[in-house]
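Values in this text are rule-based calculations from the coordinates and carry no lab data. The structure presented is a predicted model; accordingly, all values stated were derived computationally and were not measured. Here Cβ is always computed from backbone atoms with ideal geometry, including for glycine, and neighbour counts include all displayed protein chains.
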Amino acid sequence: MMTLFLSTPISAFIRSFPQPAKSMLILGLVIVISIVVMAILAPYIAPHDPASRVYIELQPPSRNYLMGTNHVGMDVFSRVVWGSRVVLFVVAVSAAISMAFGVPLGLISGYYGGLVDRVLSIIMDSIYAFPSLILAIAVAAVLGPSPLNAAISIAVIYVPTYYRMVRGETLKVKQMPFIEALIVLGCSDATILKSIFRNITQTVLVVFSLSVADAILTEAALSFLGLSVTWPTPDWGLDLRSGQPHLLNGYWWIAMCPGLMIIALSLGFALIGEALSDYFSIAAKV
Amino acid sequence: MKALVIAKGLKKYFPVRRTITDVMLMKGRLYVRAVDGVNLEIGFGETLALVGESGSGKTTTGRMLIGLEKPTEGSILFEGIELTKLSKRALKKIRPHMQMIFQDPYASLDPRVKVGDQVAQPLIINGLCNADEAKEKVLEVLERVGLTPPSEIYERYPHQLSGGQRQRIVIARAMIMRPKFVVADEPVSMIDVSLRASILELLKEFKREYGLSMLFITHDLAVAKLVADRVTVMYLGKIVEEGAVGEVIHSPLHPYTKALISSVPTIGNRILEKLKVVGEIPNPINIPSGCRFHTRCPFVMNKCRSDEAPWINVSKGHGVSCWLYSTK
């Protein structure tokens, strides 16, 4: 299995990274992949029903209840395992939406320039000017609490990030002689845009990793405020909130366990993003 | 029709970005006069070398002829069709007949696409043949430009080829359409000296075989001598001398041409006296009055500073723009 992996192009790609980017990338991949696997295998990993009372409340971590129980006697470990599904769903949907808008708009804006570019830039800049969390809260509050609405409101924040990076790279790539060669050959705009896109995928990848790292924290904040899933659905941000009143009484495990998971997942994506931006020497700011 | 490409009064001014203070002080817009009234004719099957220093506007001229840049003023006739007035769509129809070979073989190929597919691209997008026929034609052309074995080269990516091989790919891509007109923008300046002659030879072969007309842009008169039939010397956006290649190189008229020839390093004896020109090409935002070469000319006269030199045909097909040859 290991030797099989070592012969793939992916492993060759990872091995071509210089240190310390290589260690960052590997650590990030390990964290993210294990959390994704945990989410997929949640029914097999979680020992108890995450959303019902299974034991005496407020019990500290023990052999049967690895992360203890919460204030209504639910198993915190099972809730952490199942909660990863909500975070990953919201983050994946929001990234897909912001990419679907940000990337093509950035390409069009950078390639055509002129009035289209001006108008789009002004719209994107004005979205970017808002404090991102406040904007997400406002959008989520208007749409109502649900994971899909949370995803939409998070997507709104990151559209300008994709847009700005893609537009900038498009401006750079557009002047390359191989793009001018396509114009001389008589290629259609669609062919040329496709060719530009092929040459900026690494930028999209970097922006994706870094913005997802940020989006995880935003998602946690939204569900902390009750703008995503509703109790008793297991979710890290929501559990952070339900555990918070008990923190001062010494029942630290209720909030601490999901909290550390949020940090770990966000860190994982941030490490991947930083390593990639180092490797491709792309200065991305999210 | 006497020539394939006729350019008349070609001008390209690039506006200089104004700062906020410039706008508030109501300063007028400044322009870089990259090309400032150029007349060119390229006959059927003829290679015209466009020679000049960097900043003389030769690349901009080439880009205008190929339709990559819109002229500020002037006309370009290609087979009698006025290119400057064509719509984007109509221009696309003519594009297959005009091709360009770029200077930097490392930047003119898409790093993410197999070189074979890049050579096939013009055939497919112009709907000339299907994928299988295209591949066959590409293999033919690859062999023709000296890339063997072609089936192996086809599958390579640009980074797996050397600079010389890449330039052969670029030439193959331009030639596969059997164009009538090719603009070659310093095609050998970034290629190893030992490989230059073979690339130039390749271009000459294509020219003979297809009877194509070529605008060969270069700063190197020695290269121009190898490929061109006629030479046009450009200085600061204007043509200063034009003539058959042998005549211009062996009996140059304009002091600037003389200086360019003096700057070509040679081995062995040289018949011409060396002519040194001092300084650098002036800023094209502030073009000198009168003859634009007067700031660097060793033979400068009073008249040169105030009046632009007329075009004087010294012998048939050999003209110069210089007061030294004026009889008036």
Query raised in the report: How big is the Rg/Rh ratio for segment B:48-192, C-alpha atoms only, Rh by Kirkwood, two decimals?
Result: 0.99
Requested in this report: Set the Förster radius R0 to 30 Å, insert the Cβ-Cβ distance between residue A:190 and residue A:10 as r into 1/(1 + (r/R0)^6), and round the FRET efficiency to 0.05.
Outcome: 0.50
**Report entry** Pair residue B:114, residue A:175: separation of 7 Å Cα→Cβ label points (nm)
**Finding:** 3.3
Report summary line: In order over segment A:180-188: 3J(HN,Hα) from phi, Karplus 6.51/-1.76/1.60, θ = phi - 60°, whole Hz, x for each Gly or Pro, gives 4, 4, 5, 5, 5, 6, x, 5, 6
Requested in this report: Name the most mobile residue of B:122, B:105, B:255, meaning the one with the largest mean-square fluctuation, in a Gaussian network model of chain B with Cα contacts below 10 Å.
Outcome: B:122
Report task. Answer rounded, prolate or oblate for segment B:143-211, using the Cα gyration tensor with square roots of eigenvalues a ≥ b ≥ c: rounded when a/c is under 1.5, else prolate when a/b is larger than b/c, else oblate. Result -> oblate
Query raised in the report: Under the Karplus relation 6.51 cos²θ - 1.76 cosθ + 1.60, θ = phi - 60°, what is the ordered set of whole-Hz ³J(HN,Hα) values for segment B:19-27, x standing for Gly and Pro?
Result: 7, 4, 5, 4, 5, 5, 7, 6, 6
Query raised in the report: Which percent, nearest 5, of DSSP beta bridges in the protein assembly as shown are antiparallel?
Result: 60
Requested in this report: Could you order peptides A:98-104, B:134-140 by the average number of other Cβ atoms within 10 Å of their residues, highest first?
Outcome: A:98-104, B:134-140
Query raised in the report: Let a ≥ b ≥ c be the square roots of the eigenvalues of the Cα gyration tensor of segment A:175-239; is it rounded (a/c under 1.5), or, if not, prolate (a/b larger than b/c) or oblate?
Result: prolate
**Report entry** Of A:234, A:48, A:282, farthest towards positive along the dipole that unit charges on Lys, Arg, Asp, Glu beta carbons give chain A
**Finding:** A:282
**Report entry** lysines with Cα under 16 Å of residue B:258, excluding same-chain neighbours fewer than 8 positions away
**Finding:** B:225, B:274, B:276
Report summary line: Residues A:117, B:307, B:110 in order from fewest to most other beta-carbon atoms within 10 Å are B:307, A:117, B:110
Report summary line: Here the tail fraction of P(r) beyond 33 Å, over all Cα-Cα pairs of chain A, rounds in percent to 33
Query raised in the report: Where does helix A:147-174 land angle-wise versus the long Cα axis of chain A, in degrees 0 to 90, nearest 10?
Result: 30
Query raised in the report: If one puts a single equal scatterer on every Cα of the protein assembly as shown and applies the Debye formula without solvent, what log₁₀ I(q)/I(0) results at q = 0.06 Å⁻¹?
Result: -0.49
**Report entry** segment B:170-209, Cα convex hull volume normalised per residue, Å³
**Finding:** 64
Query raised in the report: GNM, chain B, Cα, under 10 Å: largest mean-square fluctuation among B:191, B:81, B:20?
Result: B:20
Query raised in the report: Using alpha-carbon pairs under 8 Å, 6+ residues apart, how would you state the relative contact order of chain A in percent?
Result: 25
Query raised in the report: In terms of the Cα gyration tensor, with a ≥ b ≥ c the square roots of its eigenvalues, is segment B:93-176 rounded because a/c is under 1.5, prolate because a/b exceeds b/c, or oblate?
Result: oblate
Query - Amide H contacts of residue B:49 (H built 1.01 Å from N, under 5 Å, at least 5 apart or other chain) - result: B:216, B:229, B:230, B:231, B:232
Query raised in the report: Is there a simple number for the mean count of other chain Cβ atoms within 10 Å of the Cβ of residues in B:106-113, and what is it?
Result: 5
Query - Helix A:189-198 vs. chain A, principal-axis angle (Cα, 0 to 90°, nearest 10) - result: 50
Report task. Would you mind checking which residues have amide H under 5 Å from residue B:34's amide H? H placed 1.01 Å from N; only 5 or more apart, or other chain. Result -> B:12, B:14
Query raised in the report: How long is the gain from residue A:127 to residue A:143 if the chain were fully straight, where each residue apart is worth 0.36 nm and the alpha carbon distance is subtracted?
Result: 4.0 nm
Query - Whole-Hz ³J(HN,Hα) from phi, Karplus 6.51 cos²θ - 1.76 cosθ + 1.60, for segment A:117-125, glycine and proline x - result: 4, 4, 4, 4, 4, 5, 4, 5, 4
Query raised in the report: What order do you get for B:296, B:178, A:79, B:89 when you list them from fewest to most C-beta neighbours inside 10 Å?
Result: B:89, B:178, B:296, A:79
Requested in this report: With only alpha-carbon atoms counted, please give the Rg and Dmax of chain B, in Å.
Outcome: 21.3, 68
Query raised in the report: Pick from A:164, A:198, A:63: which is most flexible by mean-square fluctuation in a GNM of chain A where alpha carbon atoms under 10 Å apart are linked?
Result: A:63
Report task. Would you kindly state how much longer the chain becomes between residue B:26 and residue B:222 on full extension, computed as 0.36 nm times their sequence separation minus their alpha carbon distance, in nm to one decimal? Result -> 65.8 nm
Query raised in the report: In a shell of Cβ-Cβ distance under 14 Å around residue A:65, excluding residue A:65 itself, what net charge do Lys and Arg (+1) and Asp and Glu (-1) give?
Result: 0
Requested in this report: Give the dimensionless ratio obtained when the Cα radius of gyration of segment A:1-121 is divided by 2.2 N^0.38 Å.
Outcome: 1.62
Query - Under-5 Å amide H pairs with residue B:100, H placed in peptide plane, nonlocal only - result: B:183
Requested in this report: Work out the count of Lys pairs in segment B:59-148 where the Cα-Cα distance is under 27 Å, with the pair 8 or more places apart or on different chains.
Outcome: 13
Report task. Before rounding to the nearest 500, sum -39500 (n - 2.57) across all DSSP H runs of length at least 4 in the protein assembly as shown and divide by the residue total; then give [θ] at 222 nm in deg cm²/dmol. Result -> -16500 deg cm²/dmol
Report summary line: Quick note on B:264, A:142, B:182, ordering by fewest other C-beta atoms within 10 Å, gives A:142, B:264, B:182
Report summary line: Expected integer from the mean partner chain Cβ neighbour count at 10 Å over A:172-183 is 6
Query raised in the report: Can you work out the FRET efficiency for the pair residue B:44 and residue A:280, with r the C-beta to C-beta distance and R0 = 56 Å, to the nearest 0.05?
Result: 0.70
